[in-house]
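To start, the structure under review is shown below, and the notes come after it.
The values are calculated or read from the model by the stated rules, or taken from the named source; none is laboratory data. Model, not experiment: these values are computed from the prediction. Backbone-built Cβ (ideal geometry, glycine too); neighbour counts: all protein chains shown. Side chains included, ligands, DNA and RNA excluded: accessible areas come from the protein's heavy atoms. Shrake-Rupley method; radii C 1.70, N 1.55, O 1.52, S 1.80 Å.
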Amino acid sequence: MPSLPKCQLLGFLVGVLLAGGAIAADTASDDAGQTFRAYDARPCREGSIIECGEVRVPLDWHHPSTGDGSVVFARYPATNPDTRKGTVFLHSGVWSFFSSVRAPQIDLNRQAHALHQRLNGEYDLVMWTPRGRGTPGISVPGTLSCFEDSIDMSTFYWDMGIRELDNPEAPLSWDEDTLEWTHKQTADEALMFHRVQERTVISCLENAEYQEQADMLKYMGTAATVRDMVAMADAFDGPDAPIHFWGIQPGSLIGSYLQKMFPERAGRLVMDDPVDPITYNEVQGYLRWQSDIATANTSVAILEESCTSDKLADCAYPSGPPRPDMAFVAMSINLLRRDLMGWINQPVVELQNSRNRQFYDSIQKEPSVTQNWKTFEEYAKVIAGHSFWGARPVMDPDALGLRDMPIICGDALYEHDPDNKTLRADAEAVLKGSLHSVPLLMSSAFPSWRFLCHLWPIRAVERVSFSAPQDQTPVQETLVLLRKPDPWNYPRVSDADARRLWPDAHVFADLEFGQYMFDHNNCNLDLIASFLANGTVPEDGSPCANGDERRHQASHALHRKAHKSPRVL
Ligand SMILES: *[C@@H]1O[C@H](CO)[C@@H](O)[C@H](O)[C@H]1NC(C)=O
Ligand SMILES: *[C@@H]1O[C@H](CO)[C@@H](O)[C@H](O)[C@H]1NC(C)=O
Ligand SMILES: *[C@@H]1O[C@H](CO)[C@@H](O)[C@H](O)[C@H]1NC(C)=O
């Protein structure tokens, strides 16, 4: 996995802090109600091409007197200011895989150079940290934290666990320090943990120490983030400039909101392995979770099935190394858990998961060609989150807070209704019913924060419905790219849904993209860059069928990194 050079992050933070006072606050209104924003940008560190900066934005776009927030961005500039054609905004969307205080230039750095070259250096490439992410005080609003540190957090969980136990005589079944469960959870324990999470939300919002942060929660959300992006486009390119955008997975939501809120501004949009915006904010979180884990489970099951075939080449994920590779498989499952599951287990629980053992054996059937892996014990350690990631990223502000819950649940169109008994019973039924439904992912499943929106009381000041009829015909050009199923793209829409959601778009399905994020192979990158440059798309209906030239390269890079430091930040 990409690891971050520490010095680069520090340099960035110091740069931003020093520049904080130097940003001009004067602004001027435009017709659309948006406001030109003064911004500041400078090389992220001495000699670097990428510039870091920040833009001041109103906390509440409809009530600017509420006060100002601050958005941190990174920009890979066009080669020549005189021939510069505009900006392409990029959004990776893989929020839950990385720390929320990850700086945008780290992700920009991954693909910016290759994309810059393919666009003939004619565009600035910009990534930014959306509201609700980022270091509080630098990004405003920044990440919500609920606890001082990991000790504060484990103490709270221990006390709440004891309080919510059905049988006060029974011991709690997680490790007091690490919060890792020591055995496979039962349905009663899932319901107990659900009550603990409910108390965590309430306590976090009531905690006076974080009151200032809590007051800002309603200003988070994707609609406000899109207004921030439009403000950046105004400032960088002028108020009427078309906005070009490439969003991956949840990042595509920014594109959907832009199409809906500013159809006149949307330029060329790449919806890369997109998610369905209607489901995103209309369907109760726990129901989305139920279907997301089933989809992820299916892609793992497909792998297992292909591994039992006679052809070895079948036994690999489309985006993974071309041969069975246990490091890659284990890491994929670990990432799925980090994204989808709201608790963690000790490796000993994995060792007792016979379904995972069976899966392991099916891939391990020809050890001579199975790369990088030795025993089931080691495999179990990695899927449990040990050795590769470190047991638990305790100092990560995400781990001390509610992760993306404030953003995603703030976007929800349904209201918070703690007194609705039917809803409560329905949520509990899903928790119980799904507990042991996806043993290939985890022996017992429980939703991560962003799927527990029925416990989250705050909604964003601006929310957008995608099922309401559109009065304006969007004029923008859209490219929709869909991948073959694998565990890196379980939030994808189906081919049929994509054609319904983006009826005028160019849709290409069954692509292999490379790993994730902006790590695309050359063929896919050419496809995306030509579209962004001038709207050109291939005549061939299934491009990049053999576009896997970077798979070898990528898997080597992955292994080098897999043996380095486990912490991302
Ligand atoms: C997960 O996959 C397994 C196949 O091994 C299957 O038996 C199970 O029904 C799947 N679960 C869901 C929820 O689809
Ligand atoms: C309670 O929740 C259920 C399930 O989401 C919903 O169908 C119902 O309309 C809600 N009842 C009220 C009174 O809002
Ligand atoms: C469109 O842009 C791509 C990438 O810069 C370039 O290779 C291609 O020739 C361009 N096509 C047209 C028709 O201008």
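At least 2 residues being modelled with pLDDT of 95 or more is the threshold, and among the strands (runs of 3 or more DSSP E) wholly inside segment 1-101 those reaching it are 51-58, 68-76, 86-91.
Could you please let me know if Ala74 is small (Gly, Ala, Ser), without any contact (Cβ under 8 Å) to a residue 60 or more places away in the chain and buried (at least 22 other Cβ atoms within 10 Å of the Cβ)?
So Ala74 passes the test.
When segment 263-308 is limited to residues that are open to solvent by 10 Å² or more (accessible area, probe 1.4 Å) and part of a loop (DSSP other than H, G, I, E, B), the one that is nearest to Lys484 (Cα to Cα) turns out to be Val275. Just one of the numbered conditions (1) farther than 27 Å from Ser70 by Cβ; (2) open to solvent by less than 30 Å² (accessible area, probe 1.4 Å); (3) touching a Pro at 6+ places or on another chain (Cβ under 9 Å) is not true of Ser154: (3).
Residues are listed down the side, and each one gets a yes or a no for (1) outside any loop (DSSP other than H, G, I, E, B); (2) within 16 Å of ligand 2 (Cβ to nearest atom):
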{"site": "Glu415", "(1), (2)": "no, yes"}
{"site": "Arg424", "(1), (2)": "yes, yes"}
{"site": "Leu431", "(1), (2)": "yes, yes"}
{"site": "Pro439", "(1), (2)": "no, no"}
{"site": "Met442", "(1), (2)": "no, no"}
{"site": "Arg450", "(1), (2)": "yes, no"}
{"site": "Arg463", "(1), (2)": "no, no"}
{"site": "Pro485", "(1), (2)": "no, no"}
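Every condition in (1) without any contact (Cβ under 8 Å) to a residue 24 or more places away in the chain; (2) under 27 Å from Glu462 (Cα atoms); (3) not hydrophobic (A, V, I, L, M, F, W, C) holds for Thr135 except the one numbered (1). Figure legend. Inter-residue proximity from segment 260-276: first residues farther than 18 Å from Gly238 by Cα, second residues among the basic types (Lys, Arg) and in a loop (DSSP other than H, G, I, E, B), beta-carbon distance below 8 Å, spacing 6+ or different chains. Indicated pairs: Asp273/Arg492; Pro274/Arg492; Val275/Arg492.
In the set (1) more than 20 Å from the chain's Cα centre (by Cα); (2) part of a loop (DSSP other than H, G, I, E, B); (3) away from ligand 2 (no atom under 16 Å from the Cβ), the condition left unmet by Gly385 is number (1).
Table: residues versus (1) within 16 Å of ligand 1 (Cβ to nearest atom); (2) at pLDDT 95 or above; (3) open to solvent by 10 Å² or more (accessible area, probe 1.4 Å).
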position	(1), (2), (3)
Met395	no, no, yes
Cys409	no, yes, no
Asn420	no, yes, yes
Glu428	no, yes, yes
Ser444	yes, yes, no
Phe451	yes, yes, no
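The residues of segment 239-257 that are more than 15 Å from the chain's Cα centre (by Cα) and hydrophobic (A, V, I, L, M, F, W, C), listed by number, are Ala241, Ile243, Phe245. Counting the residues of segment 283-308 that are more than 10 Å from ligand 1 (Cβ to nearest atom) and either in contact with a Ser or Thr (Cβ under 7 Å, 6 or more places away or on another chain) or of a type in the set (Asp, Glu) (or both) gives 4.
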